Amino acid sequence: MVLPVCDVCLKSGMLCQGCENKLKSGEITQLDLDIATLLFKLGEGKIGFKKTIEIGDVVIIVTDKDQVGKLIGKSGKIVRAISKKVGKKVRVVGEESDFKEIARDILAPARISGINIVYGTDGDEKYKIRVMREDSRRLPARIDVLNDIVNQLSSEKTVIVIDDL
């Protein structure tokens, strides 16, 4: 699997000129480098990801759709190790996931009770993501942070609400 940093850099602990240039130009971040190093040690090159996004106290790791399960690990072992290293909550999302999959992955372990399209008076449409009140305590972060994450990953306008049904 592909990591944002080359294997030579991960084995040696020193960045080559190409990876150093990626870091300086902002193509990769220090967080990408830290997580790539940890994954290389844990998965011996079999686990990878495309990029990371840091919003608030949550880190989102974007990977290939078929790699999501491998990146989470058995009973969340790998995600917990990453979370411990970066000191933030970690969510894993498939790169080509549809809107519902993204919302489900970001809001887990809280369950989504429904997703509706809401039309504004100006013709603007938003997705209203409803979470049951009993699951609201299981949300991984504040609602506004989660809403920003879903907006950024799906490029859809969303609003997350707690449902009283």
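What follows draws every value from the coordinates through simple rules; no lab data is involved. This is a predicted model, so every value here is computed, not measured. Reconstructed Cβ throughout: ideal geometry from the backbone, glycine too, with neighbour counts over all protein chains shown.
Tally time: how many residues in the range 44-68 are part of a helix (DSSP H, G or I) and buried (at least 16 other Cβ atoms within 10 Å of the Cβ)?
First, pick out the residues of the range 44-68 that are part of a helix (DSSP H, G or I): 65-68.
Right, trim to buried (at least 16 other Cβ atoms within 10 Å of the Cβ) and you get 67-68.
Total satisfying the criteria: 2.
Of the residues in the range 5-12, at least one is surrounded by fewer than 17 Cβ atoms within 10 Å (Cβ to Cβ) and β-branched (Val, Ile, Thr).
Would you confirm whether any residue within the range 11-25 is assigned to a helix (DSSP H, G or I), closer than 30 Å to Lys126 by Cβ and of a type in the set (Asp, Glu)? No, the conditions are met nowhere in the range 11-25.
Here Arg91 qualifies as crowded, with 16+ Cβ neighbours inside 10 Å and either touching a helix residue (DSSP H, G or I) at 6+ places or on another chain (Cβ under 9 Å) or under 23 Å from Thr52 (Cβ atoms) (or both).
The rows are residues; the columns are (1) touching a residue at least 60 places away in the same chain (Cβ under 8 Å); (2) more than 16 Å from Ile53 (Cβ to Cβ); (3) surrounded by 16 or more Cβ atoms within 10 Å (Cβ to Cβ); (4) of a type in the set (Gly, Ala, Ser).
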position: Phe99; (1), (2), (3), (4): no, yes, yes, no
position: Ile112; (1), (2), (3), (4): no, yes, yes, no
position: Ile117; (1), (2), (3), (4): no, yes, no, no
position: Lys126; (1), (2), (3), (4): no, yes, no, no
position: Arg130; (1), (2), (3), (4): no, yes, yes, no
position: Leu139; (1), (2), (3), (4): no, yes, yes, no
position: Asp148; (1), (2), (3), (4): yes, no, yes, no
position: Gln152; (1), (2), (3), (4): yes, no, no, no
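For Asp135, indicate whether it is in a helix (DSSP H, G or I) and within 30 Å of Asp34 (Cα to Cα). In short, no.
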